[in-house]
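Written out below as structure tokens is the structure these notes cover.
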């Protein structure tokens, strides 16, 4: 029986190459699947308290804007002018102080 060493070595090389190529392909397929599973998912949501605070702020903003955009009736302006000229208009000092302090607080918050 005549055995050729060259052909046996070639067979082993080919077998090794084929196995290496198929192993590499299999690793790529497996690593592709595992890569998809490795990604993290981040979900950002507001807490119920933040949502509620936002609703309250929006409602207050709406109310304030409606008050600011409402013009003062001419009759009220004329009445105030008459009271000032007659000297019967009295300023409520506590109410005035509250408004001044409230306005200063808004300016320092900015």
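Every read-out reported here was derived from the displayed coordinates using simple, explicitly stated rules and does not represent laboratory data. As the structure is a computational prediction, the values presented were derived from the model and not from experiment.
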Residue-span extension gain [residue 76 to residue 97] - 0.36 nm each, minus C-alpha spacing: 5.3 nm
Percent of C-alpha pairs per 10 Å bin, the range 48-109, short to long: 17, 26, 37, 15, 6, 1
